[in-house]
1. If we scan segment 85-92, do we find a residue that is outside any loop (DSSP other than H, G, I, E, B), of a type in the set (Ser, Thr, Tyr) and modelled with pLDDT under 75?
2. For segment 25-42, which residues satisfy the criterion of being in contact with a Leu (Cβ under 7 Å, 6 or more places away or on another chain) and farther than 23 Å from Arg94 by Cβ?
3. Filter segment 114-133 for residues that are at pLDDT 80 or above and more than 16 Å from Leu162 (Cβ to Cβ) and give the result.
4. Working only within segment 58-100, note down all residues that are among the charged types (D, E, K, R), in contact (Cβ under 8 Å) with a residue 40 or more places away in the chain and closer than 18 Å to Thr123 by Cα.
5. Take the residues in segment 40-75 that are basic (Lys, Arg) and at pLDDT below 95; name whichever of them is surrounded by the fewest Cβ atoms within 10 Å (Cβ to Cβ).
6. Can you tell me which of Ala104, Ala57 is closer than 25 Å to Tyr160 by Cα, more than 15 Å from the chain's Cα centre (by Cα) and hydrophobic (A, V, I, L, M, F, W, C)?
7. Go through segment 48-79 residue by residue and tally those that are touching a strand residue (DSSP E or B) at 6+ places or on another chain (Cβ under 9 Å) and assigned to a loop (DSSP other than H, G, I, E, B).
8. Does Leu14 qualify as being in contact (Cβ under 8 Å) with a residue 60 or more places away in the chain and surrounded by 14 or more Cβ atoms within 10 Å (Cβ to Cβ)?
Amino acid sequence: MRTDDATMRVQLILDPELFDDGAFGRFWLRLADPIARTETYDIRRPTERLYTPQPSAPLALFRDRLSLLTSGDGGRVTGVLEWRKLITFDAWVRMARWDERLRAWALSLFCELPVLYGFACSTDEYDAHHLRSRLTGRGGEVSGDKGTTAEFPAFLPGIYWLNFIGAALAAGRAAGVWA
């Protein structure tokens, strides 16, 4: 991995039963953190709605569309919040290397939100865990992901640079995840 333009990834898998208005508000405020520097949000790219710490308009948009995209720091930070079976937030942060600021920001998200599982790693590390390819009968190559959020918990998540197992999952109380 080139350390001068590395992309770091933070992913949260959230319990939808506990991701209420208050949790969304806490999440939205964390996007103002200097590591994220969120500038705009929307339901598609390019994101055009200006970020403000007031969560009511983005919350209404998220409830209506079940997806929200964010962008910040001149495109150096992007994020996707989606609600399918579970709620996931994926953030990509372009920075030279892991540092205490990114670790502290990720931990604040893990601790302030109803996270079932979360991790932070480089995109190279993520791809090494999840990217698979196979040769076709005609000599071509097909690539895809394995062990993704859509398959959680059929696959155990990888062990990454930073990992977080939420209290409900650790205590075996996340039965709704397997329903």
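1. For segment 85-92, residues outside any loop (DSSP other than H, G, I, E, B), of a type in the set (Ser, Thr, Tyr) and modelled with pLDDT under 75: absent.
2. Result: Arg26, single match.
3. Answer for segment 114-133, where residues must be at pLDDT 80 or above and more than 16 Å from Leu162 (Cβ to Cβ): just Pro114.
4. Hits for segment 58-100 are Asp90, Arg94, Arg97.
5. Step one: of segment 40-75, the residues basic (Lys, Arg) are 44-45, 49, 63, 65.
Narrowing further to those that are at pLDDT below 95: 44-45.
Values: Arg44: 9, Arg45: 11.
Per the stated criteria, the residue is Arg44.
6. Ala104
7. Selection size over segment 48-79: 4.
8. Answer is yes for this residue.
The values are calculated or read from the model by the stated rules, or taken from the named source; none is laboratory data. Every value quoted in this text rests on a predicted model; they were computed, and no experiment measured them. Glycine also receives a Cβ, built like all others from the backbone with ideal geometry; neighbour counts cover every protein chain displayed.
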